[in-house]
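Below: the structure, in structure tokens.
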Amino acid sequence: TIYAPLRTARLYNLLQEYVGGSRDRADFVRTRVVIGPDQKVVDAGCGTGSALEFLPSVNYFGYDPNPDYIRVARSRYGSRAEFFCGNAGNPQVRQLAQDADVFLSLGVLHHLTDQQIGEILNLARACLRPTGCFVFYEPCFSAKDDWVGRVFMRLDRGRNIKTDQAWRALVSQYFETVEEFIRRPVYLFRYTIQALIGRNPRQW
């Protein structure tokens with residue numbers, strides 16, 4: 001009930017701007033991820049499509065199960081991107097995500113169940129080109145957390161924040177090479193953020 005208003009696109013965007021989440025995600029992607037013009041980028045749980053604000057000119061496909069988020073994304077960015085309302089288990093999502101060069105998952109997974117997380121990781125592994133990369137950006141619990149951040153992470157709307165070791169081990173099940181960046185304190189609420197870049201999708 002407390003977090004229900006954040007399902008509304010306008011309030012969600014305002015909160016992200018206020019706490020600084022959008023700025024730090026943009027900084028990480030710009031400085032650590034090489035994305036060439038016209039490459040195919042898939043954005044899992046794309047929300048309102050705000051990643052397009054910091055991406056170069058790319059072939060972008062975003063999906064999200066929230067119809068209000070997708071409505072806003074289409075109204076803002078529909079001329080330069082493709083959006084679909086659905087989740088990772090939808091056959092049409094899998095079809096549209098094929099041959100991705102970059103697969104983004106930015107602050108999405110800690111809102112999901114373990115089964116749903118597995119569906120997104122499996123989708124990324126299956127749809128990425130052999131030379132592509134999976135970009136992971138999530139809050140995590142670690143030994144050096146800011147105590148204020150730890151309190152706020154425990155109050156987060158997402159109820160599945162994992163430890164840095166657990167996130168790293170999970171992503172490593174799907175990608176042979178995983179590069180890690182720990183960012184702290186991040187946001188107004190002083191979170192610890194674990195950013196991973198997975199390469200060389202494992203063949204199952």
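Kindly indicate whether Gly36 is farther than 17 Å from Ala97 by Cβ, in a loop (DSSP other than H, G, I, E, B) and touching a strand residue (DSSP E or B) at 6+ places or on another chain (Cβ under 9 Å).
Spelling it out, Gly36 is indeed farther than 17 Å from Ala97 by Cβ, in a loop (DSSP other than H, G, I, E, B) and touching a strand residue (DSSP E or B) at 6+ places or on another chain (Cβ under 9 Å).
Consider only pairs whose beta carbons are under 6 Å apart and that are at least six residues apart or on different chains; among these, list those whose first residue lies in the range 109-124 and is without any contact (Cβ under 8 Å) to a residue 60 or more places away in the chain and whose second residue is surrounded by fewer than 19 Cβ atoms within 10 Å (Cβ to Cβ).
From residues that are without any contact (Cβ under 8 Å) to a residue 60 or more places away in the chain, the pairs are His110/Gly158; His110/Asn160; Glu119/Gly89.
Tell me which strands (runs of 3 or more DSSP E) are completely within the range 53-112 and hold 1 or more residues being of a type in the set (D, E, K, R) and over 26 Å from Arg168 (Cα atoms), or say none if there are none.
81-85
Which ones in the range 44-74 are polar (S, T, N, Q) and either open to solvent by less than 40 Å² (accessible area, probe 1.4 Å) or modelled with pLDDT under 95 (or both)? Lay out the reasoning, then the answer.
Just the residues of the range 44-74 that are polar (S, T, N, Q), to begin with: 48, 50, 57, 59, 66.
Thr48, Ser50, Ser57, Asn66 - these are the residues of the range 44-74 that are polar (S, T, N, Q) and either open to solvent by less than 40 Å² (accessible area, probe 1.4 Å) or modelled with pLDDT under 95 (or both).
What are the residue pairs meeting all of these: first residue in the range 186-204, first residue free of Cβ contacts under 8 Å to residues at least 24 places away in the same chain, second residue part of a strand (DSSP E or B), Cβ atoms under 8 Å, and 6 or more apart or on different chains?
From the range 186-204, no pairs qualify.
What pairs come up if the first residue lies in the range 83-100 and is at positive phi, the second is of a type in the set (Gly, Ala, Ser) and open to solvent by less than 30 Å² (accessible area, probe 1.4 Å), and their beta carbons are under 9 Å apart, counting only those six or more places apart or on different chains?
What qualifies is Asp99/Gly132.
Could you please give the count of residues in the range 86-133 that are charged (D, E, K, R) and either open to solvent by less than 50 Å² (accessible area, probe 1.4 Å) or touching a Gly at 6+ places or on another chain (Cβ under 8 Å) (or both)?
Residues flagged as charged (D, E, K, R) and either open to solvent by less than 50 Å² (accessible area, probe 1.4 Å) or touching a Gly at 6+ places or on another chain (Cβ under 8 Å) (or both) within the range 86-133 amount to 3.
Of everything in the range 134-178 that's over 23 Å from Asp114 (Cβ atoms) and in contact (Cβ under 8 Å) with a residue 40 or more places away in the chain, which residue is least open to solvent (accessible area, probe 1.4 Å)?
Among those residues, the one meeting the criterion is Gly149.
State yes or no: is Tyr18 under 29 Å from Met153 (Cα atoms), at pLDDT below 95 and open to solvent by 80 Å² or more (accessible area, probe 1.4 Å)?
yes
Starting from residues that are open to solvent by 30 Å² or more (accessible area, probe 1.4 Å) and closer than 21 Å to Arg125 by Cα, keep the ones in the range 182-204 and report whichever is nearest to the chain's Cα centre (by Cα).
Among those residues, the one meeting the criterion is Arg199.
Does Tyr69 fit the bill of being free of Cβ contacts under 8 Å to residues at least 24 places away in the same chain, within 18 Å of the chain's Cα centre (by Cα) and more than 18 Å from Val178 (Cβ to Cβ)?
Criteria not met by Tyr69.
The values are calculated or read from the model by the stated rules, or taken from the named source; none is laboratory data. Because the structure is predicted, anything quoted here is derived from the model rather than measured. FYI the Cβ positions are ideal-geometry reconstructions off the backbone, even for glycines, and counts take in every protein chain you see. Each accessible area value is taken on the protein alone, full model and side chains, heavy atoms only, with ligands, DNA and RNA left out. Shrake-Rupley method; radii C 1.70, N 1.55, O 1.52, S 1.80 Å.
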